[in-house]
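A short worksheet on the structure shown next.
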Amino acid sequence: MNSIRHKMMLITLGFVLTVFTAVAQNRRALVIGLGEQMDPNWEKIHGDNDVEYVVKMLRRCRFKDIRTLKNREATKAGIVSALRKLARRCRRGDVVYVHFSGHGQQMTDVDGDEPDGWDESWIPYDAYTTYCPQDHGDKHLSDDELNLLLNDIAIRIGSRGRMLVVADACHSGDSTSGEEDEVTIRGAYDEFVIPGVQTPRPIKKKPLQWLMLSACKDMERNEEMRSPKVGKLTYALYVLSREGRLNRNAIQQFMSQHQSKLPQTPDLDHSGATYTMADVLLK
């Protein structure tokens, strides 16, 4: 009788642990979109329009904890604070999605981890196009800073967790709108140069412990859709996730069908991850 009772207790305990694990795996997201900038020298884009499409996609994909930052909310301090708060909410096994739609820019590499001497950066609301009293580079969110913030999340969700980071921005391009084909480009042609910095000898970068999907390769342009006025990568994810087709080939095919004069190749870094985009959004 004691043996039977003991087995029943073990079965009950296993069931409770299974339920607890399922409940503990939350789906969390931070969505950032900018169509306004403090510095009027940035060209007008429509990254703020992307937020609605991303949130709809995430709700369809069963994400419950979704936080958003738009325009003036998305300062450097606001984005950093939101990422830190996201990390504090995360638990082991969680699924995390981080999305940035806005301008990108290359800036002086200060620690030597970029072979070409330039860091890539996201452009918050209060970042300027060039070095100035209002921005010494501290208002840009460099890939080095971003990786530290994302690594904190990766540590908290652990090996059972999954994270996809999407950047619907580019770090080069002509940053012009109103061209003959009415294409709007996200990105800056000129680099943000920090004067007096001697770039150290290059060091080897560590593999990312998450999936990083960018709208294009570093030296390509990132075009917006003509209609609706949203990011091309954002709209591709919105459409393809609804169709249940979410992989790099499907995204590239979608973007090729909507490209204008120049090619745009989505760039997926999965060097340290053992899962796919579909594992984050569709499962």
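Tell me, which residue of region 22-64 that is outside any helix (DSSP H, G or I) and of a type in the set (S, T, N, Q) is farthest from Trp122 (Cα to Cα)? Even if it seems obvious, please write down each step before you answer.
The first filter runs over region 22-64 and keeps only residues outside any helix (DSSP H, G or I), leaving 25-46, 61-64.
Those still in the list that are of a type in the set (S, T, N, Q) too: 25-26, 37, 41.
Numbers: Gln25: 29, Asn26: 27, Gln37: 12, Asn41: 16 Å.
Only one residue fits best here, namely Gln25.
Determine which single condition Gln253 fails, assuming it passes every other condition in (1) under 17 Å from the mean Cα position of the chain (by Cα); (2) polar (S, T, N, Q); (3) modelled with pLDDT of 90 or more.
Among (1) under 17 Å from the mean Cα position of the chain (by Cα); (2) polar (S, T, N, Q); (3) modelled with pLDDT of 90 or more, Gln253 violates only (1).
Name the residues in region 264-283 that are buried (at least 18 other Cβ atoms within 10 Å of the Cβ), among the β-branched types (Val, Ile, Thr) and in a loop (DSSP other than H, G, I, E, B), would you?
If the condition is that a residue be buried (at least 18 other Cβ atoms within 10 Å of the Cβ), among the β-branched types (Val, Ile, Thr) and in a loop (DSSP other than H, G, I, E, B), then Thr276 is the only one that fits.
If you check every pair at least six apart or on different chains, which have Cβ atoms under 6 Å apart with a residue in region 60-76 that is under 21 Å from His103 (Cβ atoms) first and a residue that is β-branched (Val, Ile, Thr) and in a strand (DSSP E or B) second?
Once the first residue is under 21 Å from His103 (Cβ atoms) and sits in region 60-76, its partners that are β-branched (Val, Ile, Thr) and in a strand (DSSP E or B) give Thr68/Val31; Leu69/Ile32; Ala74/Ile32.
How many residues, within region 30-62, are aliphatic (A, V, I, L, M), closer than 24 Å to Gln105 by Cα and out of contact with any Ser or Thr (no Cβ under 8 Å at 6 or more places or on another chain)?
The total comes to 1.
Take Pro133 and decide whether it is crowded, with 23+ Cβ neighbours inside 10 Å, at pLDDT 90 or above and not aromatic (Phe, Trp, Tyr).
Considered against the rule, which asks whether it is crowded, with 23+ Cβ neighbours inside 10 Å, at pLDDT 90 or above and not aromatic (Phe, Trp, Tyr), Pro133 comes out as no.
Of everything in region 209-234 that's in a loop (DSSP other than H, G, I, E, B) and touching a Lys or Arg at 6+ places or on another chain (Cβ under 6 Å), which residue is surrounded by the most Cβ atoms within 10 Å (Cβ to Cβ)?
Asn222
Select, from Asp168, Asp111, Asp116, Asp152, the only residue that is modelled with pLDDT of 95 or more, charged (D, E, K, R) and out of contact with any Ser or Thr (no Cβ under 8 Å at 6 or more places or on another chain).
Exactly one of Asp168, Asp111, Asp116, Asp152 is modelled with pLDDT of 95 or more, charged (D, E, K, R) and out of contact with any Ser or Thr (no Cβ under 8 Å at 6 or more places or on another chain), namely Asp152.
Modelled with pLDDT under 95, basic (Lys, Arg) and surrounded by 17 or more Cβ atoms within 10 Å (Cβ to Cβ): is that true of Arg248 in this structure?
Details: modelled with pLDDT under 95: yes; basic (Lys, Arg): yes; surrounded by 17 or more Cβ atoms within 10 Å (Cβ to Cβ): no.
Spelling it out, it is not the case that Arg248 is modelled with pLDDT under 95, basic (Lys, Arg) and surrounded by 17 or more Cβ atoms within 10 Å (Cβ to Cβ).
The values are calculated or read from the model by the stated rules, or taken from the named source; none is laboratory data. Predicted, not measured: the structure shown is a model, and the values here were computed from it. Using ideal geometry, Cβ is built from the backbone for each residue, glycine included, and neighbour counts are taken over all protein chains shown.
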